[in-house]
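Bear in mind these aren't lab numbers, they're just calculated from the coordinates by the rules spelled out. Predicted model, so just to flag it, every value in this text is computed and none were measured. Virtual Cβ from ideal backbone geometry, glycine too; neighbours counted across all protein chains shown.
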Amino acid sequence: MRNQLKHYINGEWTESTGSEVIEVINPATEEVMGKISSGTEEDLDKAVKAARAAFPAFSRSTKEQRIEWLEKIVQGYEARKEELIEVMTDELGAPLSVSEEVHYPMGLGHFKQAIDSLSDFSFTEERGGHTLLKESIGVSGLITPWNFPTNQLSTKIASAIAAGSPVILKPASKTPFAAIIVAEIIDEAGLPAGAFNLVNGSGSVIGNGISSHPDIDFVSFTGSGGVGETIMQKAAETKKKVALELGGKSPVVVLDDANVEEAAKTAISHITKNTGQVCSAGTRVLIPESMKEEFEQKVVEFLPNYPVGDPRKEGVATGPLVSEDQWETVQSYIEKGENEAKLLVGGAGKPEGLPTGYYAKPTFFTDVSNDSVIAQEEIFGPVSVIITYSDVEDAIEKANDTKYGLAGYVVGQDPVQLSYVASSIRAGRIVVNNAETDFNGPFGGYKESGIGREWGDFGIEEYLEVKSVHGMPTS
């Protein structure tokens, strides 16, 4: 049992001003694994005042000081590797292998990349008749999601530190304990009091409070489109800057020269890794009509190689969904899919032998129309749809026929065709043939998938204001 009933404010763990407690559920056992305090508006206000007081000195800290803090965070993060892996498995339900091979290194990678990006970053430029200054935007409010407990908070925190922006972090209440460990690591790194603050609590109190607080200058949010819309509305009251990383319904375009077995494995990996709870997951497979039957056969053949089960059991590829609510949402979409298309494999209900835990069957639908609910709405679970296309132009048109634009994937062999399709998909991140992730590459979306970019130098830029000085003295 993990309990943390304090918030991290002004350099110390502080008792909450409220008495309400939030229980954190292990989705594999459906049992309470810990408790956190549900913060109040007063707790948030204390954190904002601490950040505001820290801003003058923190924003004027040198690159060398910021790099030193980030390096200490990296060292602390590495020292607590096993604990982070364990806690993410317990609070999210990610298999131990996924926590170790995906979640842990993504969090670490952002802190390391921030060091590299900051080392080469210029906060001053001479441009013709003026001097360009890049300065900390001010106090930043960070609201992070439950599906990647260290990834999003690490990229936001690392970029904010690199920019000299004090922060208030509100992690997701479903998966708060990895964030609490990161807060402990930051505390040990010796940042100035108030430069980093963590307030746990509900979105309705702490999240809305961050969005509307007059002394917060910038809000960076990752989560659902509906919540993002609310944040924009509340932020508009004080005209604060907002960056949003929202949902997706990303296409996997399988070209006619692709290896069908590899394409099937790619499609399966998108819904089994992290149980499909990935905003950038490729959940619409676009495939030539001539390859459809063979592709379907390979999906059915290979899917058993990605077993669902206890995340602590060796060999398990797919754990439970994060909560009962999420399980019910996914089930409702599967039921809609059974009325809209042909069920290829999977379906409603829990997998055999798993009565306890929020487990769902990895599911593929075929003969899917691109305008159907299951093809257009983000399901955020282990569900994919197979859509056929007639030629490359039809594939591109269908790939772009969505309100989202977070990511896209292209599988094939011809370099010219791969490049053409990759450049034609209107999305912020395109992956060709399962290329490795580059943490320096910007991450963010087109259309309703968001505003702004994270990762690398683009991430740092989000936490900066730009000032032009004309007639800057030279001595």
Would you mind checking which residues have amide H under 5 Å from Gly408's amide H? H placed 1.01 Å from N; only 5 or more apart, or other chain. Arg429, Ile430, Val431
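Give me the percent relative contact order of region 271-410, please, defined on Cα pairs under 8 angstrom at least 6 residues apart.
Working: 224 pairs, mean separation 45.2, N = 140.
Relative CO of region 271-410 lands at 32 percent.
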Binned at 10 Å starting from 0, the alpha-carbon pair-distance distribution of region 75-141 in whole percents comes out as 17, 30, 24, 17, 9, 3
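Tell me, rounded to the nearest percent, the portion of alpha carbon pairs in region 250-403 spaced more than 22 Å apart. Let's see the in-between values first.
Numbers: 4123 of 11781 pairs.
The proportion of pairs with Cα distances above 22 Å equals 35 percent.
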Say the dipole of region 84-206 comes from +1 at the beta carbon of Lys and Arg and -1 at that of Asp and Glu; which of Val102, Gly138, Gly194 then lies farthest toward its positive end? Gly138
Where does helix 151-163 land angle-wise versus the long Cα axis of the chain, in degrees 0 to 90, nearest 10? 30
Of Gly93, Val285, Ile334, whose Cα points farthest to the positive end of the dipole of the chain (charges on the beta-carbon: +1 Lys, Arg; -1 Asp, Glu; origin at the Cα centre)? Gly93
Listed by chain and number, the lysines with an alpha carbon less than 20 angstrom from that of Lys240, same-chain partners under 8 positions apart left out, are Lys46, Lys49, Lys134, Lys156, Lys170, Lys467
Helix 177-189 versus the longest principal axis of the chain: what angle, 0 to 90°, nearest 10, using Cα atoms? 30
Report the normalised scattering of region 412-475 as log10 I(q)/I(0) at q = 0.21 Å⁻¹, calculated by the Debye formula with identical scatterers on the alpha carbons. -0.96
First select every other residue whose beta carbon is under 15 angstrom from the beta carbon of Val253; then total the charges, Lys and Arg +1, Asp and Glu -1. -4
Nearest 5 is fine: what % of DSSP beta bridges in region 1-60 come out antiparallel, could you say? 75
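Given an 8 Å cut-off on Cα distances and at least 6 residues of separation, report the relative contact order of region 389-475 as a percent. Can you show the working numbers first?
Numbers: 110 pairs, mean separation 20.9, N = 87.
Relative contact order for region 389-475 comes out at 24 percent.
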Ordering 119-130, 256-267, 200-211 by per-residue average of other C-beta atoms within 10 angstrom, highest first, gives 200-211, 256-267, 119-130
Taking the chain as the reference, fit the longest principal axis to its C-alpha atoms, fit the long axis of helix 324-340 to the helix C-alpha atoms, and give the angle between the two in degrees, 0 to 90, nearest 10. 40
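Give me the percent relative contact order of region 341-400, please, defined on Cα pairs under 8 angstrom at least 6 residues apart.
On the way: 73 pairs, mean separation 17.7, N = 60.
In percent, rounded to a whole number, it is 29.
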Hey, got the dipole for region 1-75? About the Cα centre, +1 on K and R Cβ, -1 on D and E Cβ, debye to the nearest 20? 480
How charged is the neighbourhood of Gly441? Take every other residue with its Cβ under 12 Å from the Cβ of Gly441, and add Lys/Arg as +1 and Asp/Glu as -1. -2
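Give me the Å³ per residue figure for the convex hull around the C-alpha atoms of region 329-475.
That works out to 201 Å³ per residue.
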Put +1 on the Cβ of every Lys and Arg and -1 on every Asp and Glu Cβ in the chain; which of His470, Ala435, Tyr77 then has its Cα farthest towards the positive end of the dipole? His470
